[in-house]
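Rule-based calculations on the coordinates, nothing more; no lab input. If you're wondering where the values come from, they're calculated on a predicted model, not measured in any experiment. Glycine also receives a Cβ, built like all others from the backbone with ideal geometry; neighbour counts cover every protein chain displayed.
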Amino acid sequence: MKLIRWIAVAGLAAGSLAAQAGIRKVELTVPTMDCETCPITIRIALQKVPGVKKAVVSYERRNAIVTYDDTTTNVGALTRATEQAGYPSFEAEAKSVR
């Protein structure tokens, strides 16, 4: 009986972790954009990261809004991609997409 309860509790815990994983959206601040073609380079770099679903980059706002699968990638990988493209970035705000 104890084993059955333990299995049920473990299943509930795993289910709640799975519910937290999924599609996320993050805003990256990219302060070093200095021309109107910079967003193209940044967008291409972000789209090459496995798990990225969409990247919208704004020169005027100096930011990138990235929709990604957090079971495949994370914010660190996104900021590394922009840095490797020559544009260091940092997380402005993260939120779940529902």
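At a glance:
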quantity	calculated
Extension reserve of the THR37-ALA21 stretch, reckoned as 0.36 nm per residue once the Cα distance is removed	2.4 nm
Near-label residues of region 31-58 by backbone N, under 17 Å of a point 7 Å along Cα→Cβ of PHE90	31-33
Label point distance in nm, TYR59-GLN47, each placed 7 Å from Cα along Cα→Cβ	1.7 nm
